[in-house]
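Okay, so here's the structure we're looking at.
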Amino acid sequence: MVEQYDQPTIVDMEAGLEHLSRGTIRYVDCILIIIEPYFKSMETGAQLNRLAKELEIKHVYCIANKVRGTEDERALETFCAEREMNLLSMIPNDDTLITADRANQAPLDYDANGIAVMAISELSNKLMNLEVI
């Protein structure tokens with residue numbers, strides 16, 4: 001008997017296609033694909049998106065990371081739209097994250113008002129409101 005749980009489980013997996021190409025995550029409820037505004041990253045994200053759909057995973061979202069401005073935003077939006085990828089959020093490139101890491105602090109503790117921290121907070125709210133189960 002498979003037990004149902006009310007609490008989500010989040011797994012941060014290695015980058016790449018292996019988990020999907022082997023079907024090892026076939027029974028997940030939701031996948032978040034992290035992409036960066038570089039062609040190779042976006043192409044890998046598109047392949048992950050396609051494989052997730054082939055596995056009939058119902059909720060597949062993309063999150064853009066290290067977005068440097070409007071040119072990156074437009075490129076990501078266009079790329080995702082052309083490939084029917086659901087772009088959920090964009091996290092701006094923020095040197096504060098590197099500075100916080102060097103100071104051995106969580107970004108939230110280092111600068112709760114940093115642009116990336118604020119975007120991640122907004123993403124967290126979006127994720128909490130998704131009906132994926």
| query | According to a simple spin-label model (label point 7 Å from Cα along Cα-to-Cβ), what is the distance in nm between residue 56 and residue 104? | reply | 5.1
| request: Tell me the chymotrypsin sites (Phe, Trp or Tyr not before Pro) within segment 37-68 that lie in a loop according to DSSP and have at most 15 other beta-carbon atoms within 10 Å. | output: 38
| task | Would you calculate the separation in nanometres between label points at residue 30 and residue 121, each defined as 7 Å from the Cα along the Cα-to-beta-carbon direction? | result | 2.0
| note | Fraction of alpha-carbon pairs in segment 18-129 farther than 24 Å apart, rounded to whole percent, equals 32
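Every number in this text was worked out from the coordinates using simple rules, so none of it is lab data. Predicted model only: the values in this text are computed from it and were never measured. Quick reminder, even Gly has a Cβ in these numbers, built from the backbone with ideal geometry, and neighbours come from all protein chains shown.
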